[in-house]
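In what follows, a structure is listed as structure tokens, so that the remarks can point back to it.
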């Protein structure tokens, strides 16, 4: 019984155990399941943002970035640059000025402007576009034609930027601007014409990078280094490339453009033009307006201004002197700037132009000459012997926004050489290799004033110096009152006319009568009149001075000199008389050149340099005189003014110019042949120096355009003209005088005579007139169809006449070398007239 009970108990316990085990297993599984359901789920990783997706500001602009806050914020890190463009600047126009900041030999000079264009930021979907705006073709927005103008001037897209983020307050857009400057965006890099010249194929990204980006209140300044593969680099050819640092200045243009002042060619001014389809005219018309600073009368001073009292402008023109400028030259640069105050007083303003020292780093650590709010005379440690005065202006109105005068250290070398060669004959202060500081300072002041003239809107006025009679330049009374030219914007340089007995005479120009007149014409406010309505007043100001040569403007000419009264480096109203005085002074300098240029224990390098300068000055005199042959005066006039615009140079004056050249240059200038100097500065080449001077002038006289004008002059004016036949005869008798007087022909003259034959041969064989380089209005080129003009028949006849005269002289040759030379000359002429 007990055993049965025990057996049953064991069964029960076993079953119970199995049940307990099953329950435990179920509970365990349930607990695991419950544990799974009650456990906190781990967050799934967020998907990475799609490429190009707009991200939160903090993800894009990180805390480890450096931020420069100005026109807009620039964030940078590790060569990456983010622009934070405010919505308020979207649609605003900005001027992008591209310059070469740093360069290598043969690639231009630092500070040289290469491109200017107007840009506009625009938001388009998820992108920011940078568009190029053109102001060359316009029409008033209220006119129906405006829509047609817009449709024909679609703004091209310079660059497109994906939007990276929006600012925290959603008032600005963040873009990555790195590629705009690190890739080869051609309008922002080396200009296309220069790329062709050096055979540039592409940019090398591995050697190109952004140097820095700086943000100022009104501009963004970017410096980036570009390296290009080049087949014809001008220097360092072994590397097969060129590298240079580019500067891009993005300048915010004013919301309201300044009132224009319209251009008139009778007053010299830098200007710009637009084709305006909105004018009441039966054709498209270009309107041209001045580049000038915004000088305005304060509201509280209007009554004073109307009464004729001088007033200070709302905002004066201020120039700062670069911190790098040596202290001893600063005052002279400042004087040159403020010399223009008297010109602005003629326009009704006092203290209109001011020179200042820059703040020290302690006073203003953020002050920078790159800030467009500051115009600066930049002192550059460069071997370039020059200075220049560029400016940046608003293409919509001509308002000058900023200007930096580039002052290269070696401009002092240029000043020394000019002053020495042009004044040492009468001026002891100029007789040394190094001038006293006060002498060099005065020269610096002169050039400073000239360059400032460019920055306030005035171009060169090469027609200025001809206003003064030559002999007046020898008068101390006259020159102290008027200077050596009516305009400091002429290349009048220094007074080479004055002779040793002319005591107290002025040696250089100052701000003159023309300068004051031009500044008044361009800057005096004409109140209560629109730009169009003030034209009548401006015209009256011109006509009131029209018959006074002191107020004449003559533009600069290069390559071809057509108007001999508008030349560079000349003085006075008669080039023959002025050059005669100049040569007298050179003859006084030459015997003293060694004494004035050498020092014990030093080389003869300065003697060599200054002898070369003396020859250069002599060559200028020959150019001044020879340009009168075939010359045509140009005097700008408007309808209603008496007299012609173009007038041929007087017949007698042209003939006298040819006589001067024959006497002073073609009859060998043996006074230039100084054996003492040659023995110290060269082992050979004395003959070549003289030959070079003679050939340069000979070829200038026998230019196609000059000969064509002589023919035209005779056609128009008959016996009143100096004809091409008269020129050919006068030239032949001067160059070949030995044929007619039986004298022996020396080496210098033989060289000249062969050059004469060569030039006649060129005129016989030239197929077409070579096109002059494109320098715009600076180049005047007389068009001539060579094969159908009288030039070749006249030259052929002259060669035959010359051949006959040479043959007649051969038998009378005074020596063997003369006979050989004449026989060779006949053969040369035969080869031209009857080429084998």
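Observations
- Pick from the stretch 96-128, criterion modelled with pLDDT of 75 or more, more than 18 Å from residue 254 (Cα to Cα) and within 14 Å of the chain's Cα centre (by Cα), ranking: surrounded by the most Cβ atoms within 10 Å (Cβ to Cβ): 100
- All helices (runs of 4 or more DSSP H) inside the stretch 658-775 with 3 or more residues being in contact with a strand residue (DSSP E or B) (Cβ under 9 Å, 6 or more places away or on another chain) and within 30 Å of residue 577 (Cα to Cα): 704-717
- Exactly one residue out of 610, 622 is touching a helix residue (DSSP H, G or I) at 6+ places or on another chain (Cβ under 8 Å), assigned to a helix (DSSP H, G or I), farther than 30 Å from residue 781 by Cα and at pLDDT 95 or above: that is 610.
- Exactly one residue out of 779, 766 is in contact (Cβ under 8 Å) with a residue 24 or more places away in the chain and within 30 Å of residue 271 (Cα to Cα): that is 779.
- Against the list (1) buried (at least 22 other Cβ atoms within 10 Å of the Cβ); (2) assigned by TED's automatic domain parsing to the domain that holds residue 298, the condition residue 570 fails is (2).
- Screening the stretch 547-556 for residues that are under 30 Å from the mean Cα position of the chain (by Cα) and surrounded by fewer than 22 Cβ atoms within 10 Å (Cβ to Cβ) and picking the one that is nearest to residue 703 (Cα to Cα) gives 556.
- Test: residue in the stretch 626-640 that is under 27 Å from residue 691 (Cα atoms), modelled with pLDDT of 95 or more and in a helix (DSSP H, G or I): yes
- Test for residue 761: is it under 46 Å from the mean Cα position of the chain (by Cα) and in contact (Cβ under 8 Å) with a residue 40 or more places away in the chain: yes
Conditions (1) within 28 Å of the chain's Cα centre (by Cα); (2) in a helix (DSSP H, G or I); (3) within 30 Å of residue 263 (Cα to Cα); (4) modelled with pLDDT of 95 or more, marked per residue:
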site: 526; (1), (2), (3), (4): no, no, yes, yes
site: 558; (1), (2), (3), (4): yes, no, yes, no
site: 571; (1), (2), (3), (4): yes, no, yes, yes
site: 578; (1), (2), (3), (4): no, yes, no, yes
site: 584; (1), (2), (3), (4): no, yes, no, yes
site: 588; (1), (2), (3), (4): no, yes, no, yes
site: 591; (1), (2), (3), (4): no, yes, no, yes
site: 595; (1), (2), (3), (4): no, yes, no, yes
site: 602; (1), (2), (3), (4): no, no, no, no
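- Lone qualifier among 357, 437, 364 - being farther than 20 Å from residue 494 by Cβ, surrounded by fewer than 21 Cβ atoms within 10 Å (Cβ to Cβ) and touching a helix residue (DSSP H, G or I) at 6+ places or on another chain (Cβ under 8 Å): 357
- As a summary of the residue check, residue 684 satisfies the conditions (1) under 22 Å from residue 563 (Cα atoms); (2) free of Cβ contacts under 8 Å to residues at least 40 places away in the same chain; (3) loosely packed, with under 15 Cβ neighbours inside 10 Å except for the one numbered (1).
- Of all the numbered requirements in (1) surrounded by fewer than 22 Cβ atoms within 10 Å (Cβ to Cβ); (2) farther than 27 Å from residue 625 by Cβ; (3) in contact (Cβ under 8 Å) with a residue 60 or more places away in the chain, residue 469 misses one, and that requirement is (2).
- Any hit, the stretch 731-739, residues being crowded, with 20+ Cβ neighbours inside 10 Å, in contact with a helix residue (DSSP H, G or I) (Cβ under 9 Å, 6 or more places away or on another chain) and over 20 Å from residue 820 (Cβ atoms): yes
- For the stretch 194-208, the set of residues classified as more than 11 Å from residue 242 (Cβ to Cβ) and surrounded by 15 or more Cβ atoms within 10 Å (Cβ to Cβ) consists of 208 only.
Rundown of residues vs (1) more than 30 Å from residue 310 (Cα to Cα); (2) assigned to a helix (DSSP H, G or I), yes/no style:
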site	(1), (2)
336	no, yes
358	no, no
376	no, no
379	yes, no
402	no, no
405	no, no
444	no, yes
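The values are calculated or read from the model by the stated rules, or taken from the named source; none is laboratory data. Note that the structure is predicted; figures quoted are calculated from it, not measured. No Cβ is skipped: glycine too gets one built from the backbone with ideal geometry, and neighbour counts run over all protein chains shown.
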